[in-house]
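S.K.: One structure, as structure tokens, below. Some questions next.
Read-outs throughout are calculated quantities, based only on the coordinates presented, and are distinct from any laboratory measurement. Everything quoted here is computed from the prediction, not taken from an experiment. Note that each Cβ is placed from the backbone with ideal geometry, even for glycine, and that neighbours are counted across all protein chains shown.
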Amino acid sequence: MSKNKSTIDLTSGCISLGLVKFSLPLMAGNVLQQCYNLTDTLVVGRFIGKNALAAVGSAYILMIFLTSIILGLNMGCGAFLSIKYGAKEDREFAIGNWLSFCGTGLFSILLTLLVYLLLGFTANLLAIPASIHALFNQYLLIIYAGIPATFLYNYFACSLRAIGNSAIPLIFLCLSSVLNIILCIWLVAGLGLGVAGSALATVISQYFAGLCLTIYAWRHFPQLRFKKTAMVYDQAISKSILSLAGLTALQQSIMNLGMGILMVQGRINSFGVNVMAAFSSAFKIDTLAYSPVQDFGNAYFTFVAQNYGAQQADRIKQGNRQASWWILVFCLVISSLVVFCTKPLLALFSSDPEVIQIGIGYLRIEGSFFALIGFLFMFYGYFRAIDKPMISVVLTIFSLGTRVLLAYLLSAIPSIGYIGIWASIPIGWALADLAGLYYLHKKAVKPTD
């Protein structure tokens, strides 16, 4: 398979240098993506008020879950493409590219139709307070229209990463983020369109990123073009893609049920608008803070997948050690910054003293344990890359189950309250990490694999 000069071959050269070089655009891209999302919260919180902030925050948690399904499907397809790219199996790569695009594209369209059909039930399902029902539904009505654009961007971003290019998606995401910020301020603060303006700015920016990346990838990367000879149905390839994509989507959606606390969102909402608004702000800061290590885990996934396809087990083993040290360093730095800067960060989103105080408690608990989620991201990527995505699913269910159970148990104790929800998250991470270490030793890639 011919290689584009802008791609990185992770099957040779210095492991640490390759991982860092490949992961930096991913990290920058995710930070931009979070800033993209932060814009809604910041502008809405500052220019409309805490009711709108609570509504947009709750909708944001739901959108993380829906997006994670699409992202998971595309990541699974990217895993298949990475393995075939590393193995230099051109025919399988081309057929897999065609089948992946058709399958995930059709799913995205059906998902969009489904969420619109269920729009009237969503607010009650998430126990959204009656005072913000209208704002919540108004935001979702517009933001759902961006789901197909999310598919386009993530499909070609994952495909480009599969062949060793993590820089191009960053460029279009950067442009889209700037567009989103400008539109959001103009539509909300300038034209006074409220939460509808915030949602509209996001959707327009999503289509800009998705369509532009699609056109660029098609024109400049021949490997990703759909060839007539590859537009066929291959049962073996379809089965492999379905396994990787389906299980990765399941793992990602379950993970975001826990990370977004969607399964306990009703419990959070039961503590009132101040807790909802505080969580909305603090959670976005939290997600932004650990996004670099999440993307390092995604870069490591591509490294392992390419080397797994090339049957370089010793190189994967070396990569495990080097990646672990990088994750530890990243997380210690990020944890220090978050723990010592909680108040000024939260003040960007709200001037309400109670909202800020509640948010400080959340960030100091979460921020002290980022290393735990960092290693968990590494385990997720490793097991997807060696074609064992079910283990990632098991680890995610284990982590989520612990978190949900403890969140309800601890928050029911009057002296602990909503603090119990915050505390349950790092405990779940720690237990899942222990399980990940067990599976790593049990299922490590051997030279004969």
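S.K.: Note the full-extension length gain between SER368 and LEU114 as 0.36 nm times their separation in residues minus their Cα-Cα distance, in nm to one decimal. If you can, show how the numbers build up before the last one.
M.R.: Details: separation 254, 0.36 × 254 = 91.44 nm, distance 3.87 nm.
Taking SER368 through LEU114 to full extension adds about 87.6 nm, to one decimal.
S.K.: Measuring from centroid to centroid over Cα atoms, what is the spacing of region 395-411 and region 280-315 in Å?
M.R.: 23 Å
S.K.: Between MET390, MET27, MET231, where does the largest GNM mean-square fluctuation fall for the chain, given springs only between Cα atoms within less than 10 Å?
M.R.: Taking springs between Cα atoms under 10 Å, the residue moving most is MET231.
S.K.: Could you put TYR85, TYR290, TYR207 in order, starting from the residue whose Cβ has the fewest other Cβ atoms within 10 Å?
M.R.: Ascending Cβ contact count within 10 Å gives the list TYR207, TYR290, TYR85.
S.K.: PHE101: net charge of surrounding residues, Cβ under 14 Å, Lys/Arg +1, Asp/Glu -1, itself excluded?
M.R.: On the way: positive: ARG225, LYS227; negative: none.
Taking every other residue near PHE101 into account, the sum is +2.
S.K.: Taking Rh as the Kirkwood radius computed over C-alpha pairs, what is the Stokes-Einstein D of the chain at 4 °C in a medium of viscosity 1.567 mPa s, expressed in µm² per second?
M.R.: Translational diffusion coefficient: 59 µm²/s.
S.K.: Work out which trypsin sites (Lys or Arg not before Pro) in the chain are exposed loop sites (DSSP not H, G, I, E or B, at most 16 other Cβ within 10 Å) and give the longest gap free of them.
M.R.: 228-449
S.K.: Using each residue's phi in region 150-156, evaluate 6.51 cos²θ - 1.76 cosθ + 1.60 at θ = phi - 60° and report the 3J(HN,Hα) Karplus result to the nearest Hz, with x for Gly and Pro.
M.R.: Values per residue, Gly and Pro as x: 4, 4, 4, 4, 5, 5, 6 Hz.
S.K.: Something else about it: At 7 Å along Cα-to-Cβ for each site, give me the label-to-label distance between SER270 and VAL333 in nm.
M.R.: With each label point 7 Å from Cα toward Cβ, the separation is 4.2 nm.
S.K.: I need LEU244, LEU406 ordered by Cβ neighbour count within 10 Å, fewest first. Don't jump to the answer; show the numbers that get you there.
M.R.: Values: LEU244 28, LEU406 18.
Result, fewest neighbours first: LEU406, LEU244.
S.K.: Taking θ as phi - 60°, what are the ³J(HN,Hα) couplings along region 425-439 by the Karplus curve (6.51, -1.76, 1.60), each to the nearest whole Hz, with x for Gly and Pro?
M.R.: 5, x, 5, x, 4, 4, 5, 5, 4, 4, 5, x, 4, 4, 5
S.K.: Continuing with the same structure: Which value, in debye to the nearest 20, gives the size of the charge dipole of region 19-443 about its Cα centre, when Lys and Arg are +1 and Asp and Glu are -1 at the Cβ?
M.R.: Values: 24 positive and 13 negative charges, 156 e Å.
Dipole of region 19-443, to the nearest 20 debye: 740 debye.
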